[in-house]
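Here the structure comes first, spelled out in structure tokens, and everything after it is commentary.
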Amino acid sequence: MIDLYYWPTPNGHKITLMLEECGLAYRIHPINIGAGDQFQPDFLRLSPNNRMPAIIDHAPNDGGEPVRIFESGAILLYFAEKTGQFLASDLRTRYQTIQWLMWQMGGLGPMAGQNHHFNLYAPEPIPYAQERYTKETARLYHVLDVGLEGRDFLAGSYSVADMACYPWIVPHTNQQQNLDDFPNVKAWFTRIGSRPATMKAYAVGEGMRPSRPPTDEERQNMFGEKQKRR
């Protein structure tokens, strides 16, 4: 059994995508980032960066003590190795997959996240920041579009790279992006969205997040400096 500490954000969706594709049994522990659950001592012992997702695998392949992991990219790689799925054994394909996973972790996720922040959550408009991150998001969509030229998925076959990137494209409208401008991304996006495991993964988080804008307290919990510095 896998314990998944989760909230329905792009990084949280990555892990439910993988778990549903692999058919691994898991139980959800909601970490409501608006309520400040990510600052609870028990969670910080698991994820010291006060970010979800995080996991505990109570049945690791070596039969030893439970394995605890934070950081969504590391979790995806762990499950790929645990199950032998969605990460090729062939050297070149394997590293093509890993490079796109790292690209998402270091580029698409952080830049789209800043896009979300300044376009959706900032307490007041900051035009320079909005333009800066909207343009950078568009540049990254173009990179993804080029990477998908002539192929269905980033490394040929569906992999952890696609699972990492897809949830950051789901909110493309909020990022001020039009998928018609990126035809390869649009076809890839439709392809992944139609997978049964994708539908199941997104159903997990339905109804968890409020449909209204965050309150001041929730905004502080998500974006403030609440955690005490050591």
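Remarks
- Note: relative contact order over the chain, using C-alpha pairs below 8 Å and six or more positions apart, is 25 percent.
- In Hz, Karplus ³J(HN,Hα) per residue of the stretch 124-141 (6.51, -1.76, 1.60; θ = phi - 60°; x = Gly, Pro): 8, x, 10, x, 4, 5, 4, 5, 4, 7, 5, 5, 5, 4, 4, 4, 5, 4
- Ordering of 50-58, 185-193 by burial proxy (mean other Cβ atoms within 10 Å per residue, highest first): 50-58, 185-193
- Between the stretch 153-230 and the stretch 42-80, the alpha-carbon center distance in angstrom: 21
- Taken over the alpha carbons of the chain as equal point scatterers, the Debye sum produces base-10 log I(q)/I(0) values at 0.07, 0.08, 0.14, 0.16 Å⁻¹ of -0.23, -0.30, -0.94, -1.22.
- Using a Gaussian network model of the chain in which every pair of alpha carbons under 10 angstrom is joined by a spring, one finds that among ARG212, ARG94, ARG195 the greatest mean-square fluctuation is at ARG212.
- Highest-fluctuation residue, ASP162, ASP37, ASP181 considered, GNM on the chain with Cα pairs under 10 Å: ASP181
- Among the trypsin sites (Lys or Arg not before Pro) in the stretch 124-171, those placed in a DSSP loop whose Cβ has at most 16 other Cβ atoms within 10 Å are ARG151.
Taken together, the values in this text are just the output of simple stated rules run on the coordinates, not laboratory data. Please read these numbers as outputs of a predicted model, since none were measured by experiment. Cβ sites come from the backbone with ideal geometry, for glycine too, and all protein chains shown count toward neighbours.
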